[in-house]
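For reference, the structure is listed below as structure tokens.
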Amino acid sequence: MRHIISILLENEAGALSRVSGLFSARAYNIESLTVAPTEDPSLSRMTIVTSGSSDVIEQITKQLNKLVEVVKVVDLFEAPHIERELMLIKVRANAKDRDDMKRMSDIFRGRIVDVSEDTYTIELTGTGQKLDSFIEALGSSVILETARTGACGISRGQRVLRI
Amino acid sequence: MELTGAEILIKCLQAEKVEYVFGYPGGAVLYIYDELFKQNKVKHVLVRHEQGATHAADGYSRSSRKVGVALVTSGPGVTNAVTGIATAYMDSIPMVIISGQVPTHAIGLDAFQECDAVGITRPCVKHNFLVKDVKDLALTIKKAFYLAATGRPGPVLVDIPKDVTTDKCKFEYPETITMRSYNPVVKGHTGQIKKAVQLLLEAKRPMIYAGGGVILSDAAPQLTKLVRMLGFPCTNTLMGLGGFPATDKHFVGMLGMHGTYEANMAMQNCDVLVAIGARFDDRVIGDPAHFGQVPRKIIHIDIDPSSISKRVKVDVPIVGHVPDVLDDLIKLIDASKQRPEAKALAAWWEQIKLWKTKDCLRYDRKSKIIKPQFVLEKLYEITKGDAIITSDVGQHQMWAAQFYKFDKPRRWINSGGLGTMGFGLPAAMGAQMANPDASVVCVTGEASFQMCIQELSTCKQYRLPIKIVNLNNRYMGMVRQWQQFFHGNRYSESYMDALPDFVKLAESYGHIGISIDKPADVEPALKEAFKRKDELVFMDFITDQKENVYPMVGGGKGLTEMILAEEL
Ligand SMILES: Cc1cc2nc3c(=O)[nH]c(=O)nc-3n(C[C@H](O)[C@H](O)[C@H](O)COP(=O)(O)OP(=O)(O)OC[C@H]3O[C@@H](n4cnc5c(N)ncnc54)[C@H](O)[C@@H]3O)c2cc1C
Ligand SMILES: Cc1ncc(C[n+]2csc(CCOP(=O)(O)OP(=O)(O)O)c2C)c(N)n1
Ligand SMILES: [Mg+2]
């Protein structure tokens, strides 16, 4: 099953490679990994989308907790949560289908953030699934380039991940 | 007053009361060696290969419960050390490895003798550091010793660029340390401990399975007390030998791939299993699916949550430090009026006695060729079971584990997790340094011994009176055994050709060598060797070439699917 694991770790050089090294050394799946500093600059927050049986996910969280630089680990799938991903997508937008593109972007609540003579760059956020649907709806012939951040997530309600 | 990084490092080692540093010099660590030269509190032991430095630090640690320290130069120095670091990591041995690095400004430029030490060792250390600023040095060393020795122990590497050893700053060594991201649990959860006590007192076919965690945490007294008060059978893993006295009537021998018939049968057929500081290794329980066929309740005590329910699902996990958890268990059992049902326990012991009658460790005692098992039995007698035994890897290692009855912890020193040939001799050096008055014996094979043979020179320099028992079968015996059992007797590349004359070899290093090829000469040779208290004696026992280690559970087989010695 798919899981989103959020990690607070010391914002130190090398911490990222410890986490990614753990996943490759132990042959755990990794769908996406994002990381950035938090409001407390000494801490980074990492979000890893992975998949595996419940036994594997249990080992993943235990192994992550064992890394000396990891401060806290939560599996967001244990409770209601919100998941978002950002995509920048550059599409062909010639005179004749410029309007179509604009409409399509609106339907998915995208924003056109850059325009050239025959391209649009659209910014879109949502679940991974929503981004996939957008890509599918556009069709590969018009897509010039995509850049996706990978998912990040946060628990709903009172649950917080902090130290 | 400001000190250089090299001065600070030595001050840190002194503050940690480091007795010995096992090392080998080179360009990147010259300033550190300069400072070592100027003082005499921290003694340096010059090995002949960096692998030897790490194994020696490891053997020092295992035999003394202190943190072992190794010092190596950048590039090839650190790559040579990797085998020893990985060996310590797999067996959870507390070590600090200091490696030199090229100057900070040269890092990443493919400088002379540069290698990414932190990157290379990352998967085989508990943690590692690159010190980029001399101001961080003292705190990093403090952290390294703290991390190595607490929680689940392990090796920690500190990589120090050359310019950091000459840069200066004020020196202050922190007395204590806390790290928000690192808080090993000590006390077990009370509710879980109560559940465990209940299961123990209701058990009808109980089994206690104790591993290296008992040795690492010095919990042998508590384990011994628990087993005796409950009257339960107890087995040890290869790493746990000595954690419970082997001569105690509750001991059923080692379990696992080369464990005793009775230990493996009891492990499989028990109804309540207590795993203490043991990690259900594949060489211990065989095929986990086969192991899972018999329903049983499992209690697992371990300081590392990731050891629990990794290969086998357990019912009562207890995360904590073994001695603390066992103290709590013992207290609760003491306080309870309930005792395990005597009749059921007696019947269980009857069953175990029946299994014992298989006499699974028997061998041909009338043989005209020296049997390796015979040498080890004699070694046990002559040393009165009180020597520190290190070993290399192979058949000789298994026979030593089976035939030397360890009654005390930290007397059996071997590479279990990584199975590193070449470990025995340098580990014996470390053990002899830590225990100058003890009899230290290295049980080895002619193939393993050649992997760190150069350390015979170190032994001479430091006058280490190690006794070497070479069980010379002219084969990589363990490999040959697998080839005999599972590869149609095709002994592909497992014959040891062109062996040196070990007696002359020992003599050329300035030691004593003896060759023994008749069973009748085994005892006199051992006696003679142990009489020479101040000298290293290399005993080359020419043993039966085709002897096998029994019982054996084949790779991937169920624990009770044992190959036993054919009728003798
Ligand atoms: C040729 C060969 C054959 C082998 N055959 C066998 C065999 O027949 N039988 C056998 O048993 N092994 C055998 N081994 C060894 C095997 O590979 C493993 O190394 C060994 O079984 C592991 O022992 P262990 O489970 O005691 O764990 P260890 O590796 O000793 O691990 C210790 C455990 O204790 C925990 N721990 C550490 N400190 C504490 C603490 N303070 N408090 C609580 N818990 C703590 C750790 O987290 C870990 O889970 C063989 C090895 C070789 C090379
Ligand atoms: C460094 C290393 N290389 C290879 C192996 C695989 N291996 C395990 S046992 C063994 C043979 C050991 O032979 P020897 O030291 O003569 O011991 P014996 O089994 O004959 O007692 C080998 C090659 C290993 N464990 N370590
Ligand atoms: Mg051999």
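Every number in this text was worked out from the coordinates using simple rules, so none of it is lab data. As the structure is a prediction and not an experimental result, all values here were calculated from the model. We place every Cβ from the backbone using ideal geometry, glycine too, and count neighbours over all the protein chains shown.
If you average the alpha carbon positions of region B:170-240 and of region B:99-113, how far apart do those two centres end up, in angstrom? Each part reduced to its Cα centre gives a spacing of 43 Å.
Between region B:441-501 and region A:46-75, what is the C-alpha centre distance in whole Å? Answer, in whole Å: 42.
Neighbour counting of Cβ atoms within 10 Å sorts the residues B:LYS527, A:LYS96, B:LYS371, fewest neighbours leading, into A:LYS96, B:LYS527, B:LYS371. In summary, the lysines within cross-link reach of A:LYS96, defined as a Cα separation below 28 angstrom excluding same-chain residues under 8 places away, comprise A:LYS130.
The three principal axes of the C-alpha atoms in region B:14-162 carry coordinate ranges of 40, 35, 32 Å, sorted with the longest axis first. Packing-based ranking of B:490-496, B:41-47 yields B:41-47, B:490-496, ordered from highest to lowest mean Cβ neighbour count within 10 Å. Under a 5 Å amide H cut-off, with hydrogens placed 1.01 Å from N, B:ASP159 pairs with B:SER99, B:PHE129, B:LEU130, B:VAL131 among residues at least 5 apart or on other chains.
The per residue volume of the convex hull around the alpha-carbon atoms of the protein assembly as shown is 202 Å³. Using the average count of surrounding beta-carbon atoms within 10 Å as a protection proxy, the listed peptides A:4-15, B:390-401, B:343-354 rank, highest first, as B:390-401, A:4-15, B:343-354. Farthest toward the positive end of the dipole of the protein assembly as shown, out of B:MET257, A:LEU144, B:PRO123, is the Cα of B:MET257, where the dipole comes from beta carbon charges about the Cα centre. The GluC sites (Glu not before Pro) of region A:95-163 meeting both criteria, a DSSP state outside H, G, I, E and B (loop) and at most 14 other C-beta atoms within 10 angstrom of the site's C-beta, are A:GLU117. The equivalent ellipsoid that matches the C-alpha gyration tensor of region B:351-425 spans semi-axes of 22, 16, 14 angstrom, in descending order.
When the inverse distances between all different Cα atoms of chain B are averaged and flipped, the Kirkwood radius reads 24.7 angstrom.
Among B:202-210, B:238-246, the peptide with the highest mean count of other Cβ atoms within 10 Å heads the list, and the full ranking is B:238-246, B:202-210.
Here region A:51-132 is treated with +1 on each Lys and Arg Cβ and -1 on each Asp and Glu Cβ, and its dipole about the Cα centre works out to around 160 debye.
About its Cα centre, the dipole of the protein assembly as shown is roughly 2020 debye, where the only charges are +1 on Lys and Arg Cβ and -1 on Asp and Glu Cβ.
The alpha-carbon of B:LYS546 sits under 19 angstrom from the alpha-carbons of these lysines, leaving out residues fewer than 8 places away in its chain: B:LYS366, B:LYS368, B:LYS371, B:LYS518.
In this structure the amide hydrogen of B:VAL21, modeled in the peptide plane, comes within under 5 Å of the amide hydrogens of B:LYS43, B:HIS44, B:VAL45, none closer than 5 places in sequence on its chain.
As a proxy for reagent exposure, B:PHE486, A:PHE23, B:PHE22 were ordered by neighbouring Cβ count within 10 angstrom, fewest first; the result is B:PHE486, A:PHE23, B:PHE22.
Footprinting exposure proxy ranking of A:LEU88, B:LEU273, B:LEU9, fewest other C-beta atoms within 10 angstrom first, gives A:LEU88, B:LEU273, B:LEU9. Here's the picture: charge each Lys and Arg Cβ at +1 and each Asp and Glu Cβ at -1 in chain B, and of B:VAL102, B:ILE215, B:GLY555 the one pushed furthest to the positive end of that dipole is B:ILE215. Of the Cα atoms belonging to chain A, the radius of gyration and Dmax stand at 18.5, 57 Å.
Here the dipole of region B:359-463 is about 240 debye; that uses its Cα centre as origin and unit charges on the Cβ of Lys and Arg (positive) and Asp and Glu (negative). DSSP assigns beta bridges within the protein assembly as shown; of those with both partners inside it, close to 45 percent run antiparallel.
Across peptide A:64-74, the mean count of Cβ atoms from other chains lying within 10 Å of each residue's own Cβ comes to 4.
Estimated at 0.36 nm per residue, the fully extended path between A:GLU31 and A:ILE143 surpasses their Cα-Cα distance by 38.1 nm.
Take each residue of peptide A:14-21, count the partner chain Cβ atoms within 10 Å of its Cβ, and average: the result is 2. The GluC sites (Glu not before Pro) of region A:35-85 that DSSP puts in a loop, and whose beta carbon has at most 11 other beta carbons within 10 Å, are A:GLU39.
Were the residues from B:ASN435 through B:ASP501 laid out at 0.36 nm apart, the gain over their Cα-Cα distance would be 20.7 nm.
What separates the Cα centres of region B:307-381 and region B:142-161 is a distance of 33 Å. Distance between the pseudo-spin-label points of B:PHE486 and B:ASP521 (7 Å out from Cα toward the beta carbon): 3.7 nm.
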